[in-house]
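The values are calculated or read from the model by the stated rules, or taken from the named source; none is laboratory data. Since the structure is predicted, the reported quantities are computational estimates derived from the model, not experimental observations. Glycine also receives a Cβ, built like all others from the backbone with ideal geometry; neighbour counts cover every protein chain displayed.
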């Protein structure tokens, strides 16, 4: 299934939904804003439900499943690297100590996006078959 | 004794009265002088004869008078001076914003030229529609998150309506997280200054969005591309941009924990390019490589683009637009430090030049040919890298930064393709991601401490100074920014696009991909009268001719 009318219609509903939701947030203090927010959320839910229901019509794609747990692990390690940097800033006032913590944290985060996540995403890559 | 006291008191009284008279008389004299000047100004009859030399046009008569009965006063002149300053800055910021907007055309040509002819329409259309998707998302939400708490820029009149930043108290300090004013540019943000900063920041945001389309070209479902771009324009980009430019926590690293002048990114190597490049990496990982890119043993095939002329012309358009990107980031031409725009512009062109040389010589010396597409990427790499430091470094520094970026982009393209096994048809991850991060880092190394934008940066007194000029703490601030980009920006984009993959599906079908995306996704070929070569021949020729 390539681009078609259903996709176009659901994208229109998505755009209307996100606009209405944002308008609702902007004017949340009054009644109209609350109604707009609810309408927006309903439209967004409707659009995504429809997107999901037509997804299987796309046909076979050149991509096998990517292990979710491995991907999650990669993301967790990535965030851990960032936390190391933040903690380093607050644990020591010395520039040298903060520099070491920053480099260590960055290395951990880079390890995640350069090694862990590509390995996870390519684990069942179609070109390996 | 009494007499002497009386004399002293009398003298003091006389002096104060005379000074008061002078003080009272001064404005009157000035006003009289102004009115004399107005009387001497060219009369209407003189102006009716025409002014070929330009000496009669633009005189004291053109200064608006507040009270016609009082005539021209010093207050009128001062008001006009203030209006002129803001007017110059508005004009400067808007025109440079228009230049940045034109970069979309450059991106479209570069990305489409580097793709195969069967996907030309689809790639051009992604670059076209990303403008609308991003702009709309930014208007309804993104601008608020980014700039909703960014009041205080004197160059654009203060931007006082943007005064609400959501903050978090942590470790005894207050950290900005996201802005809250400006949705739909309604209410108090219906303001002349806010409109100018909206336009300028919007075109920057759109630049980041269009980077992703290059890395995901030739296999990205148009529906998912549209949704992903709206979400990135509304949330991902504005969030980091707030932390760096909108008064957020990265910009407060100097005031809160004494790290240099806080995270410094003059025009967006990090905010725009690294955000775009890392988002491109996240999306490319989820979407996977194109059919035929990798062999079973993991080796890669070069898939040659269809139009190198479009690529190189596109690079020139981008280089032209960069004169809006970097010098425009002073947000004015008439305020403290803004005359550095010349230096910023020269740094920009120099880094582009040395970046081109870096890639061009690397390819020629090590691979045997002066590869055109990599030379183009070298130009862009130099420009990307100098974007953050352009306002803080000397010409020597900018030349070194550009040269390193030119070589770095060649190494990174090889690394991303051969070691990470990520398919990036246009090299967007390397050009914008890798070199964007290098640009952010280079501020912490090469900032020479001579810039002076009003005596402080991010609320810290003094000039931005890097490690090589004596301030190691600035490098730490830059490293914190880099890690935030790698960890937070990447992760947010990865999660959003992972969810989109589950709900909508990121990739077109095998049949669509093999046929080319133009007909199935767009309904029209990019070049309907071209004769297509069979795919295997193209691949064979590509393998024989490839130098990269």
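Some points to look at:
- One residue stands out among those in the stretch A:108-129 that are in contact with a helix residue (DSSP H, G or I) (Cβ under 8 Å, 6 or more places away or on another chain) and not in a helix (DSSP H, G or I): the one that is surrounded by the fewest Cβ atoms within 10 Å (Cβ to Cβ), which is A:123.
- The number of residues in the stretch B:262-282 that are more than 14 Å from chain A (Cβ to nearest Cβ) and in contact with a strand residue (DSSP E or B) (Cβ under 8 Å, 6 or more places away or on another chain) comes to 1.
Residues are listed down the side, and each one gets a yes or a no for (1) modelled with pLDDT of 95 or more; (2) in contact with a strand residue (DSSP E or B) (Cβ under 6 Å, 6 or more places away or on another chain); (3) away from every other protein chain (no Cβ under 14 Å):
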site	(1), (2), (3)
B:154	no, no, yes
B:167	yes, yes, yes
B:173	no, no, no
B:188	no, no, no
B:194	yes, no, yes
B:201	yes, no, yes
B:209	yes, no, yes
B:214	yes, no, yes
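- Some residue of the stretch B:94-110 being buried (at least 24 other Cβ atoms within 10 Å of the Cβ), outside any helix (DSSP H, G or I) and either free of Cβ contacts under 8 Å to residues at least 12 places away in the same chain or in contact with a helix residue (DSSP H, G or I) (Cβ under 8 Å, 6 or more places away or on another chain) (or both): no
- Qualifying residues in the stretch A:55-85 (those that are more than 8 Å from chain B (Cβ to nearest Cβ) and buried (at least 17 other Cβ atoms within 10 Å of the Cβ)) - the one farthest from the chain's Cα centre (by Cα): A:84
- Number of positions in the stretch A:87-129 that are more than 21 Å from residue B:467 (Cβ to Cβ) and more than 7 Å from every other protein chain (Cβ to nearest Cβ): 13
- Taking the stretch B:499-521 as the range and being more than 7 Å from every other protein chain (Cβ to nearest Cβ) and assigned to a helix (DSSP H, G or I) as the test, the residues that pass are B:499, B:500, B:501, B:502, B:514, B:515, B:518, B:519.
- When residue A:85 is tested against the conditions (1) under 29 Å from residue A:17 (Cβ atoms); (2) touching a helix residue (DSSP H, G or I) at 6+ places or on another chain (Cβ under 6 Å), the lone failure is (1).
- For the stretch B:300-322, the criterion of being surrounded by fewer than 20 Cβ atoms within 10 Å (Cβ to Cβ), on the phi > 0 side of the Ramachandran plot, in contact (Cβ under 8 Å) with a residue 12 or more places away in the chain and touching a helix residue (DSSP H, G or I) at 6+ places or on another chain (Cβ under 8 Å) is met by none of the residues.
- Scoring residue B:149 on the criteria (1) part of a helix (DSSP H, G or I); (2) surrounded by 16 or more Cβ atoms within 10 Å (Cβ to Cβ) leaves a single failure, condition (1).
- Residue in the stretch B:497-504 that is within 30 Å of residue B:524 (Cβ to Cβ) and in contact with a strand residue (DSSP E or B) (Cβ under 7 Å, 6 or more places away or on another chain) present: no
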